[in-house]
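Colleague: Have a look at the structure that comes next, please.
The values are calculated or read from the model by the stated rules, or taken from the named source; none is laboratory data. Just so we're clear, the structure is a prediction, and the values are computed from it rather than from any experiment. Cβ placement follows ideal geometry from the backbone for every residue including glycine, while neighbour counts extend to all protein chains displayed.
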Amino acid sequence: MANPLTLYLAAPRGFCAGVDRAIKIVEMALEKWGAPVFVRHEIVHNKFVVDGLRAKGAVFVEELDDCPDDRPVIFSAHGVPKAVPAEAARREMVYVDATCPLVSKVHIEAERHHQTGLQMVMIGHAGHPETLGTMGQLPEGEVLLVETVADVAEIAPRDPGKLAFITQTTLSVDDTADIVAALKARFPAIVGPHKEDICYATTNRQEAVKAIAPKIDALLVIGAPNSSNSKRLVEVGRAAGCGYAQLVQRAADIDWRALDGIRAVGVTAGASAPEVLVNEVIDAFRARFDVAVDLVETAQENVEFKVPRVLREPA
């Protein structure tokens, strides 16, 4: 007789509206222009998704230099520095920008503050494509990056009285609040966003993890190792008291020995992980345990973003 186990399934989890739209953009571009369609950077951070699109004829490259002039190119959901579309236009390429509208909102915000003479402080992860894209909206030196509370003490702005801050959309809500508090303490005049930059999907997925944390012995987050929002879910789980919280790309990555003897496991998925991988994990548990699934829903999401007009028009 298999041991009983309760799987607490977090909701919301998995795909967000920006990821949905970005994947749709690649699929529609392939339908409209045929293969190959080039994509600068992984369209979203998920190997399963990227491999699926590659099989349909998408070619993933790191830079625009790796693309021919005569094939369409798509910019990833994370956003790109301003220089990239400018270069594509100079080369007279057909390009489609799949930047998530909520990332674009941060770009516009940064631009607006810059025009009023404010220097920007960006809370984000160095080297992440979203951070590079956002910092690349403004001239060199106009955006100071902070990753931690400690970094706040180190930055040297031009004029401490003329600052504004923005954040990456996929950060930990709690960690970011601490950094914002440190910024406001050091720079009382700093201007913040009208509405939180951390996106609804990141916030909702973190809240759902906090809701299941007290009920579980272990947390599995389905997502990619280069996915910022997925890694944050693991951290949120640990901070909420989960003794064991692990990021897995799919069922094959589960360390069953670590789950020996446990009775309750939480399962969630980052914003770029498809539901098919969640089902695969549930099936893997069903093969080993007598599973009861309990859905814990903390919010309902009905956000939808339109694809760019160029893809809705006939070829």
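Colleague: Go through (1) free of Cβ contacts under 8 Å to residues at least 60 places away in the same chain; (2) closer than 14 Å to ARG205 by Cβ; (3) in a helix (DSSP H, G or I) one by one and return the number of the condition ALA245 breaks.
Modeller: With respect to (1) free of Cβ contacts under 8 Å to residues at least 60 places away in the same chain; (2) closer than 14 Å to ARG205 by Cβ; (3) in a helix (DSSP H, G or I), ALA245 is out only on (3).
Colleague: Among residues belonging to the range 202-221 that are in contact (Cβ under 8 Å) with a residue 60 or more places away in the chain and not in a helix (DSSP H, G or I), point out the one that is nearest to THR298 (Cα to Cα).
Modeller: Filtering the range 202-221 for residues that are in contact (Cβ under 8 Å) with a residue 60 or more places away in the chain and not in a helix (DSSP H, G or I), the one nearest to THR298 (Cα to Cα) comes out as ILE216.
Colleague: Only one residue in ASP70, ASP20, ASP51 is out of contact with any Cys (no Cβ under 8 Å at 6 or more places or on another chain), more than 24 Å from ASP283 (Cβ to Cβ) and at pLDDT 95 or above. Which one? Write out each step before concluding.
Modeller: On the way: ASP20 fails: more than 24 Å from ASP283 (Cβ to Cβ); ASP51 fails: more than 24 Å from ASP283 (Cβ to Cβ).
After ruling out the rest, the residue left standing is ASP70.
Colleague: Could you name every one of the helices (runs of 4 or more DSSP H) located completely within the range 87-201 that has at least 3 residues being charged (D, E, K, R) and outside the structural domain of VAL39 (by TED's automatic domain parsing)? Talk me through it step by step, then tell me what you get.
Modeller: Working: elements: 101-115, 129-135, 149-154, 173-186.
It comes to 101-115, 173-186.
Colleague: Can you find even one residue in the range 286-301 that is at pLDDT below 95 and either assigned to a strand (DSSP E or B) or not polar (S, T, N, Q) (or both)? Full working, then the answer.
Modeller: To start, the set of residues in the range 286-301 that are at pLDDT below 95 comprises none.
No, the range 286-301 has no match at all.
Colleague: Going residue by residue through the range 131-149, is there one that turns out to be in contact (Cβ under 8 Å) with a residue 60 or more places away in the chain, more than 15 Å from the chain's Cα centre (by Cα) and crowded, with 16+ Cβ neighbours inside 10 Å? If you could, list the steps in order and put the result at the bottom.
Modeller: Taking the range 131-149 and keeping what is in contact (Cβ under 8 Å) with a residue 60 or more places away in the chain, we get none.
No: the range 131-149 contains no residue that is in contact (Cβ under 8 Å) with a residue 60 or more places away in the chain, more than 15 Å from the chain's Cα centre (by Cα) and crowded, with 16+ Cβ neighbours inside 10 Å.
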